[in-house]
Amino acid sequence: MADDNSAAPRRHRHAPLVRTGTSAAPAATTGALIGRIESLLESMLGCLSRGDGMSLELATRRSARAHGGESRRQRISFPGRTPAEGQKFARVLLILQLSHDALVSGHILTKRQIFYQHQDLFDKQRVVDELVDDIALTLGINRDDLNIVASAKGLVSGKLAMQLHDGSVIDASHGDVGMPIPSMASISCVSCAALRWILVVEKDATFRTLVSSQYHETAAAGPGLLVTAKGYPDLVTRSFLQLMHDQHAELPILLLTDFDPYGLNIFRCYRFGADAIGHESATLNPGIRWLGIKTRHIHDFAGSSGLPVDGSTRLPLHHAASRLPISSTSCRDPTSLLTPRDRKFAVSTLAKVSARGAADDTELERLRRELQTMLMMNVKAEIQWLDDAGNLNEWLDESIGEMTSVETPMDVQ
């Protein structure tokens, strides 16, 4: 806190963690990051030895989201004006110490480990998650540069091998449920010469269906890699896909999601980051393209059934069961109406997409148009529609073939 704060019993020495300027600094090397953390911790020890209070500035992701990506700094002190402030300072200092130890030892620490080993200090897992994010933003680095990562969420399956720094190898072709994606800091090199495509699947259930049918080995487009983050992508999965795009730009990366506001927002997160702000720009992935389900697939069904798609009625699948390749008489109705909550979320996502303003980005423009059309149609459809029909693999063969053979033009509604 400032020296003239009457509520603070001691004089505070401020530790400037945030670099000057508005843009985030590039990711530091491990050695440089260790040095920065040590310098900060030493300054705190100096304050203690002199009997001074301690203070540091912390940028927050919450403020960055609220101010269009421009993070604001919050000064926290010990002793603080309130017990909560002092507790937050202690939490930040502990995370910095744990990060320093992990960086020096070369070990990877999960946020879940931090919480369970220090439950007396952290009330909830979310507190750890948010502070790790804030510290990374403050230091101008990506979260995994701290050697603190989320627990394994993403899975991969296919002809890919990852050599780790400890000498072990993760072979993604083994196992019938996929292999966990390790943190990028632990990967030494990736071998994937046989791959022809990468398919990212929103839903874990669909991923497991494709793995069990060995679609990654039998696809018409050749051997591929199946990936899932079981819903919204975590940083490790996004970083892995960014690594694959950077090192193997020739491999198409395609995303299969539900046709609903949440599925389209998941595509936005994969391609542009989760409400991305400057310090995580390294995980923005222009190589990811959306495979479907798209508006035109819903229109194809409507055309075959002879029914309008305007949200006024559900589309009875049996009318076109014998004519649509991706449907069958055993499949339920392919569409349902958007709920008020769906529509509100779609409008929010559309606003975020429109705010990016990159008119030359074809995928961004496609995403904007799909959201607008979805709102106009007032319908949604799940991936399970294709799976229930029994023709998911055939549909993927056709769709992946279209996306990989030629550059897909803007869909015409």
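Listing for the model above:
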quantity: Estimated inter-spin distance, residue 151 and residue 339, nm [label 7 Å along Cα→Cβ]; calculated: 2.6 nm
quantity: Net lengthening on full extension, residue 356/residue 42 (0.36 nm per residue, minus Cα-Cα); calculated: 108.9 nm
quantity: Estimated FRET transfer efficiency when R0 is 22 angstrom, pair residue 97-residue 123 (beta carbons, to 0.05); calculated: 0.70
quantity: Residues 190, 227 arranged by fewest to most Cβ contacts within 10 Å; calculated: 190, 227
quantity: Relative packing of 83-89, 365-371, which averages over residues the other C-beta atoms within 10 Å, highest first; calculated: 365-371, 83-89
quantity: Packing rank of 216-222, 284-290, where each peptide gets the mean count of other beta carbons within 10 Å, highest leading; calculated: 284-290, 216-222
quantity: Charge context of residue 173, other residues only, Cβ under 12 angstrom, K/R +1, D/E -1; calculated: -2
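Here, each number is a calculation from the coordinates, and none is a lab measurement. In this text the structure is predicted, and so the values were computed from the model without any measurement. Cβ: placed from backbone, ideal geometry, glycine included. Neighbour counts: every protein chain shown.
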